[in-house]
Amino acid sequence: MTFINLKIAQCTAQTSDLSFVPALLRRRLSANIKASLTAAHLLCPDAQDIATVYASRFGEWRTTTAQLELEYAENRVSAASFGLSVHNAGIGLWHLISQNHRPYTSIAAGLHSFDLGLLEALSILTKNQGRVLYIYSDESRPELYAQIFPDFAPLTIGALIEPGADFAVELGNFSAAPAAPLALVELAASKQPELTAPFYRIVRAGC
C-alpha cells in the first residue's frame, strides 16, 4: 500500500492563463492544449524536475479533424497545424516551456484513458518515491462526431501527486467500470471517501 497527498486543478480554455507561454505560440494552441498547460502551470510553476503523465481519450481531435477535412477538400494539409495535432503535443510543449527534462508519458486508452493515466502516475510515484504531475484532458467534440458522442463534454483536470499521508492507494481488481474523472476532484475535496477503478482504489485516510 502507498500513501499520497493530492492537489487538484480543474481548468477550461476560457479560464486559461497562458502568460507564461510565448505570444507567437499562444495564438496557435487548441482549447485542449490551453487548458492542459494552465492546469500544469497552476500545480507546478517550478516544473524543472517532475515526471509527468498526460492522458486523453481523443487528444487533439478538433485539430486532426480539421486537417482531414482540409486534405479531403483541397488535397493538402497545414504544416503549421500538423505538429500540434499529435496526441502528446500539449505535454511536449509543457516540458519545453518549463525546461523540464524528466520523462513524460502520453496515454490514450479509450474509456479507460483516465484510469490508466492515473495508474501510470501512481506507478511512477511508487517506483521513484517522488512527486508526479498528472493531466487528464479532453476538448469539446468536433461537429462531425455530434451523433456518435451526443453527450460528450470537455474536461481538464490536473493532479499533483506526492508521497504523503492523506490518501491510501491499493492495487487490485476493484471495479469493472471505469472511474469518472470528476471522482478524483470529489475525492480531493472530501466529497467522496474513495475512488474505485478497475486496477486500484484510493481511499481517504481514516475512512
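The values are calculated or read from the model by the stated rules, or taken from the named source; none is laboratory data. These numbers were taken from a predicted model, which means no experiment stands behind them. No Cβ is skipped: glycine too gets one built from the backbone with ideal geometry, and neighbour counts run over all protein chains shown.
Worth a mention:
- One residue from Arg76, Arg62 being at pLDDT below 90 and part of a helix (DSSP H, G or I): Arg62
- Any hit, the stretch 46-69, residues being farther than 17 Å from Phe114 by Cα and in contact with a Cys (Cβ under 9 Å, 6 or more places away or on another chain): yes
- Filtered residue count, the stretch 81-131, keeping only those that are assigned to a helix (DSSP H, G or I), surrounded by 20 or more Cβ atoms within 10 Å (Cβ to Cβ) and basic (Lys, Arg): 0
- Across the stretch 173-200, the number of residues qualifying as in a loop (DSSP other than H, G, I, E, B), at pLDDT 85 or above and either of a type in the set (Lys, Arg) or touching a Lys or Arg at 6+ places or on another chain (Cβ under 9 Å) (or both) comes to 4.
- Total residues in the stretch 149-173, condition buried (at least 16 other Cβ atoms within 10 Å of the Cβ) and aromatic (Phe, Trp, Tyr): 1
- Test: residue in the stretch 145-163 that is in a helix (DSSP H, G or I) and of a type outside the set (Lys, Arg): yes
- Within the stretch 39-67, the set of residues being in contact with an Asp or Glu (Cβ under 7 Å, 6 or more places away or on another chain) and crowded, with 24+ Cβ neighbours inside 10 Å comprises Val53, Ser56.
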